[in-house]
1. Suppose we look only past 17 Å in the calculated P(r) of the stretch 113-228. What percent of the Cα-Cα pairs does that tail hold?
2. Relative to the present Cα-Cα distance, how much length would full extension add between I84 and N110 at 0.36 nm per residue of separation?
3. Please compare each pair in K54/K128; K186/K216; K54/K174 to a cut-off of 32 Å on the Cα-Cα distance and tell me which ones are over it.
4. Where does each of 197-210, 48-61, 154-167, 79-92 land if you order them by average Cβ count within 10 Å, highest first?
5. What list of ³J(HN,Hα) values in whole Hz, one per residue of the stretch 164-173 in order, does the Karplus curve 6.51 cos²θ - 1.76 cosθ + 1.60 (θ = phi - 60°) give from phi, with Gly and Pro shown as x?
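The numbers here are math on the coordinates, done by the rules we state, and not lab data. As the structure is a prediction and not an experimental result, all values here were calculated from the model. All Cβ positions, even for glycine, are placed from backbone atoms using ideal geometry, and neighbour counts span all protein chains on display.
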Amino acid sequence: MSISRRNLIIGGGAFLCAPRLLAEPASTATPKSSLLSTPPGRSLTFDVSRKGSKIGTHMLTFDQDGDNLTVQVNVELRVGVGPIVLFRYKHHATEVWKSGQLISLNTETNDDGTPNKVTGSRTPEGFKVEGTKARLYIAPDDALPATHWNHKQLDGPWINTQDGRLMHPTITPKGSEMIPVASGAKIPAKHFSLTGDAILETYYDDMSNWVGLNFKAGDGSVVLYEMI
């Protein structure tokens, strides 16, 4: 028993948007830092479930200090039957931002025993990325880590935070709907569907905060993110 596309759970499936998301362009007079929408309380946590059973958590914390922002991402997943563990996954990522610009990215992943790593840093030449499955390259100017919390990632390339690759999904706005949260309630959210290199559904609230995600595993079951 395994979870196909499991790297997508952590936002590790990184994609170049083609075509670009149809949205109102940001005003050139708006400071870049104002484009980074972070959740209230400086944290965001999701229960991750499959076939009605919780298989782990996805947690993000946001440390804002003036124009400096540090985002920590921690994901722990376990799939098994009773005490028998069939699949285990652990991921940690650190993003550092300054005035709305990504300065560095460092990640480590244990994918059921297989290690992966990504490093990225801002240089005069651009944002340099290297990963387990990506030789050193300079990312496009608008490339962002595929950690989902930043709504602006829908506007351009995503850096795969599990192995460093740059990938290419198509992103389609699907309108507004009600989605479940961990409390059992439902909240309004804007729905975006990803196809191509990545197949998943992701959701944001009216303040552009990430509030949900789901996708189909290899056996057809749905892996569901419910915000705590």
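1. Result: 61 percent of Cα pairs exceed 17 Å.
2. Between I84 and N110, full extension yields 7.5 nm more.
3. From K54/K128; K186/K216; K54/K174, over 32 Å: K54/K128.
4. Sorting 197-210, 48-61, 154-167, 79-92 by mean packing, highest first, produces 154-167, 197-210, 48-61, 79-92.
5. Values per residue, Gly and Pro as x: x, 5, 9, 10, 9, x, 9, 10, 10, x Hz.
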